[in-house]
Amino acid sequence: MTQPFDQASIDYYDENSRAFVVDTAQVNMGQLYESFLSCIPEGGRILDLGCGSGRDTKYFMDQSYEVVAIDASEKMVEATKRLANANVLQLRFDQINFENEFDGIWACASLLHVPETALKNILELCLQALRPTGVIYASFKYGNAQRFERGRLFTDFNEEKLSGLVATLRSNLKLSHWVTQDTRPDRNNEKWINAIITL
């Protein structure tokens with residue numbers, strides 16, 4: 001059976017939590033927040049899927065959204081609890097069991113660590129967790145490969161591959177996607193594909 005999340009990636013975040021928080025805490029996410037939150041009702045309920053440093057959880061809470069945050073890494077859960085007074089759960093993505101609870105799911109640079117063969121099932125769990133007008137934001141490194149880099153699994157996507165994945169889910173889903181540059185100074189040669197999936 002395919003593992004729904006790469007254990008080596010979880011271990012990486014446990015072992016490198018401090019460096020990861022420093023590297024990501026100050027990244028400017030403004031345009032991505034705007035794209036996502038424009039689809040969410042004021043004060044809506046958001047699932048931060050793979051909350052990492054807690055940067056995004058804190059931002060959403062500061063904007064008066066109700067947030068549930070999850071991460072498979074114990075150290076990332078601790079980091080989010082330190083930064084944001086949030087409901088933070090240590091869970092793998094295949095362990096979520098929400099139904100009709102969220103107006104939006106924020107999966108920023110998190111689903112990219114799920115093996116490609118397990119992504120469909122994880123996205124189905126996400127869809128189950130959404131309310132009838134809910135949306136999913138997800139981002140992946142731009143490409144067309146599954147690879148290991150610096151101790152982590154990455155499942156990369158381009159436009160065609162992403163559209164193909166979404167097409168295997170419910171027939172009524174709408175997909176919008178766009179490509180951005182990484183804004184970190186040492187990563188400006190890296191591209192990301194961003195997606196909004198709407199029920």
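Each value in this text was obtained by applying a stated rule to the coordinates, not by laboratory testing. Predicted model, so just to flag it, every value in this text is computed and none were measured. Here Cβ is always computed from backbone atoms with ideal geometry, including for glycine, and neighbour counts include all displayed protein chains.
Tabulated data for the structure shown
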item	result
Alpha-carbon centroid distance for the pair the stretch 89-119 / the stretch 141-187, whole angstrom	15 Å
Coarse-grained scattering of the stretch 64-121 at q = 0.17, 0.18, 0.25, 0.28 Å⁻¹, given as base-10 log I(q)/I(0) from a Debye sum over alpha-carbon atoms	-0.64, -0.71, -1.27, -1.41
Rounded to whole Hz, the Karplus (6.51, -1.76, 1.60) HN-Hα couplings of the stretch 85-90, x for glycine and proline	7, 10, 7, 10, 10, 8
Backbone N within the stretch 32-50 under 18 Å of label point (7 Å from ASN87 Cα along the Cβ vector)	41-50
Net charge dipole size for the chain [Lys, Arg +1 and Asp, Glu -1 on Cβ; Debye, nearest 20]	160 debye
Chain lengthening between GLU160 and THR183 when straightened (0.36 nm per residue, less Cα-Cα)	5.9 nm
Value in Å of the Kirkwood radius, where the chain supplies the Cα pairs that are averaged	16.8 Å
Fraction of beta bridges assigned by DSSP in the chain that are antiparallel (%, nearest 5)	50 percent
Subset of LYS75/LYS120; LYS120/LYS141; LYS141/LYS174; LYS75/LYS174; LYS81/LYS174 violating a 29 Å alpha-carbon distance limit	LYS75/LYS174; LYS81/LYS174
